[in-house]
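In what follows, a single structure is set out as structure tokens and then discussed.
Read-outs throughout are calculated quantities, based only on the coordinates presented, and are distinct from any laboratory measurement. Because the structure is predicted, anything quoted here is derived from the model rather than measured. FYI the Cβ positions are ideal-geometry reconstructions off the backbone, even for glycines, and counts take in every protein chain you see.
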Amino acid sequence: MPSYHIVVCGSLVPDPLQTLEPISTPTGPALKNEMMLPAMLDPWAGHALFEAANLAKQHPGSKVWLVALGPKAKLQQVLMTIAQKVPFELVALDGPASGFAESAEVAAALAGAINGITGLDKTRLLLFGGWESASRGTGTTMQMVGEHLGIVDQFQGVDQLTVRSDGSFDILERVEGGKHQVSACAGAPALLGWATGNLPEPANNPQVGMLNMRTAMPALQRAKPIKVTNDGVAFAGVSLPRQRRDTRIVKDLTPDAVAREIVEWITRD
Amino acid sequence: METILFLAPTEADGTLSQNALETLGAAKALTAELAGSSLIAGLVGATIQPAANQIAGCGATRCLGVAGTELAQSRYSTDAAAAEALAQAAGATLILAPAGSRWNRALPGVAQRLGGRVDTHVTALAAADGKPAITRWYYRQRMEGTLTRTTRPWIVLLESGCAPAWSGDAGRATVENIPVALPPLRTSVTGLKAPPADEQTIRPDAKLLFVAGAGWTKKQADGLAHAAEAEQLILGFLKTAQASLGSTKSLVDLSGEGQAVLKFMTHLNQVGQTGSTPRHPKGLATCCHGEEPHTVGWRFIGERRAINLNAGCSWAQGKADVLYVADAFAVMREVNRLLAARPS
Ligand SMILES: Cc1cc2nc3c(=O)[nH]c(=O)nc-3n(C[C@H](O)[C@H](O)[C@H](O)COP(=O)(O)OP(=O)(O)OC[C@H]3O[C@@H](n4cnc5c(N)ncnc54)[C@H](O)[C@@H]3O)c2cc1C
């Protein structure tokens, strides 16, 4: 049975229940009070991490790293919420987690950190991440990290990975129209940008938390500072959309009358 | 002055998709707006001559292609190699390509190979002060930014429905075949997995998105849950109205946890922050609270209506055009009856 070195790239995003407001700064757009907003692990990267841990459990001898670029203090906060979920070793980079940070620069920093992992066996490497972040939302970073590392078996929008006993695997990727494309890959090294996958969020396990924190705190302390310059990009502006519609609230129609209105509405061109 | 490469994969029959034609329309408009710029077409697929002929009248100065059976499959290694070769052969400074799972997967890596930059999910493309500028959304459709770049080449993936499709005379085009060294193939596409046609609930071309929320599975006024009736009402409606089915996260999560809920619901149906952002002219939300992480997925839905028992639900906060405060079970029962009774 194969065993893997699974590196998950994932950072943090503002809690989606927060109100976000863009502001303009000398270095480009940013979020108002960005450092004050409660943060969480980027959801699709979170699915990647849970899938990685599950795969590692099924393949003894495997190991999971989480490579995260974000403001150190925020990374520490988020760590508190995920460290008890699944076992991983943290590799931290201290820099922006902004949606406006250039993905090419972020990818170069992540690839540099991965290349620096002691003992990483690239022949057994599965590079995981979310297929898109909930901040920049471009779905471009992972492909570039893959290119830096020379991995050309890449998959995006992955919902399922099934490993066969010979180390080859089948992958389901989201494609248009609510379908999945099925691919067969010869085996590691490969890159998988995860969508939702199939696993529920793992329950907290304090023992796992203790084990993780032993390596995570030192990793945070030695987090390398990363500067993202956004050279060559000029934002003309970032604005909130016209959110509000003039909602007509219909309270006193019978269900049958509502049904008639709806049918009239949906059948009108 | 830009050398603009319109870069598209061909469909199984060798022609171009609607979104590819829209991207060509945008590329042509931009070429005209940026003085001294030229347009080159680049095609990738198992067969490309039908596409080249289809756009023979588009005004491209050259038509470049990479064709071969390996390019029939939507696969990173081969697609990236083909796109890289075409970009280089064209000497492209700006590469405009249709968004879609195939190019979204491959072109970001191509930007890296070319030492360029890439923008995905672009919703508008225009010339501002003689320079190309793009518009896209940040933080999962919560804010919209417009930007320009000085780095070249610059790859732009345009979403569907954002530009008028190019239309013009077909003809007989000469394709310059660009040689490509493909890497050893370690991946092969073995097929597509989709629910049987009569169970396919996601219909991207439908006029209406019907969204079901967790309320369909909750205890109702009689103190009981009515999942079986919910299932029957929703499926019945989808069938007669030919609507596409969306869901909230809460509802698909319930399904994933194996509860006796709506069996046809999967994560692919989920709309919102960690789901999809579908495009439909109309949307009807039922038994769904309309919370922000869900409604950001409604960014590209035109007219919006909602049915909720609670007049204080979030749809009332300027998120829907009409909120019906009513029991969705009773309403949808009657909607289905009225639709079934309509002369076909
Ligand atoms: C990181 C993160 C990401 C998220 N991403 C998403 C996402 O992508 N998509 C998403 O949808 N959510 C997402 N959420 C969850 C979101 O915050 C909400 O919890 C979810 O959308 C609520 O789903 P709901 O409206 O179906 O359920 P509920 O909030 O339970 O609402 C059910 C509604 O049904 C109504 N109802 C019940 N019975 C009836 C009836 N007979 N007739 C009419 N109305 C009835 C009730 O009044 C109620 O308003 C995310 C949350 C987090 C933290």
- Message: From the gyration tensor of the Cα coordinates in the stretch B:47-99, what semi-axes in whole Å does the equivalent ellipsoid have, largest first, with each one equal to sqrt(5λ)?
- Response: 19, 15, 10
- Query: In Å and whole numbers, how far do the C-alpha atoms of the stretch B:131-251 stretch along each principal axis, longest first?
  - Reply: 69, 39, 38
- Query: Taking A:Lys251 as the anchor, which lysines have their alpha carbon closer than 25 Å to its alpha carbon, excluding any fewer than eight residues away along the same chain?
  - Reply: B:Lys218, B:Lys219, B:Lys282, B:Lys319
- Sorted largest first, extent of the protein assembly as shown alpha carbons per principal axis (Å): 68, 65, 53
- Violating pairs (Cα-Cα greater than 22 angstrom) within the set A:Lys85/A:Lys224; A:Lys74/A:Lys227; A:Lys122/B:Lys193: A:Lys85/A:Lys224; A:Lys122/B:Lys193
- Would you calculate the separation in nanometres between label points at A:Thr123 and B:Thr69, each defined as 7 Å from the Cα along the Cα-to-beta-carbon direction? 3.1 nm
- Could you tell me the largest-minus-smallest coordinate of the C-alpha atoms of the stretch A:54-126 on each of the three principal axes, in descending order and whole angstroms? 38, 28, 19
- Message: For a quick check: sort B:Arg75, A:Arg124 by the number of other beta carbons within 10 angstrom, fewest at the front.
- Response: A:Arg124, B:Arg75
- Task: Provide the FRET efficiency to the nearest 0.05 for the A:Met213-A:Met1 pair, computing r from the beta carbons and using R0 = 22 Å.
- Result: 0.15
- Query: Do any trypsin sites (Lys or Arg not before Pro) in the stretch B:126-221 lie in a loop, going by DSSP, with at most 12 other beta-carbon atoms within 10 Å of their beta carbon, and if so which?
  - Reply: B:Arg172, B:Lys219
- Query: About its Cα centre, what dipole magnitude does the stretch A:5-225 give when the only charges are +1 on Lys and Arg Cβ and -1 on Asp and Glu Cβ, stated in debye to the nearest 20?
  - Reply: 600 debye
- Counting every C-alpha pair in chain B, the percent lying more than 28 Å apart is 50 percent
- Message: Given 4 °C and 1.567 mPa s, compute D for chain A with the Stokes-Einstein relation, Rh being the Kirkwood radius over Cα pairs; round to the nearest whole µm²/s.
- Response: 64 µm²/s
- Query: Using alpha-carbon pairs under 8 Å, 6+ residues apart, how would you state the relative contact order of chain B in percent?
  - Reply: 14 percent
- Just from its helices, what would the mean residue ellipticity at 222 nm be for chain A, if runs of 4 or more DSSP H residues each count -39500 (n - 2.57) and the sum is divided by every residue, rounded to the nearest 500 deg cm²/dmol? -9000 deg cm²/dmol
- Pairs of Cα atoms under 8 Å, at least six residues apart: use those to get the relative contact order of chain A, whole percent. 24 percent
- Write out the GluC sites (Glu not before Pro) in the stretch B:226-258 meeting two conditions: DSSP loop, and at most 12 other Cβ atoms within 10 Å of their Cβ. B:Glu257
- When the Debye formula is applied to the Cα atoms of the stretch A:46-187, each taken as the same point scatterer, what base-10 log of I(q)/I(0) results at q = 0.09, 0.10, 0.14 Å⁻¹? -0.28, -0.35, -0.72
- Note on the structure: Here, trypsin sites (Lys or Arg not before Pro) of the stretch A:161-269 satisfying both criteria (DSSP loop; at most 12 other Cβ within 10 Å) are A:Arg164, A:Arg222, A:Lys227, A:Arg242, A:Arg244, A:Lys251, A:Arg268
- Going toward the positive end of the dipole of the protein assembly as shown, with +1 on Lys and Arg Cβ and -1 on Asp and Glu Cβ, which of A:Gly119, A:Thr140, A:Gly177 do you reach last? A:Gly119
- Once you wrap a convex hull around the alpha carbon atoms of the stretch B:3-177, what is its projected area averaged over all directions, in nm²? 9.2 nm²
- For chain B, share of DSSP beta bridges that run antiparallel, in % to the nearest 5: 20 percent
- Item | Radius ratio Rg over Rh of the stretch B:197-340, counting only Cα atoms, Kirkwood formula for Rh | 0.92
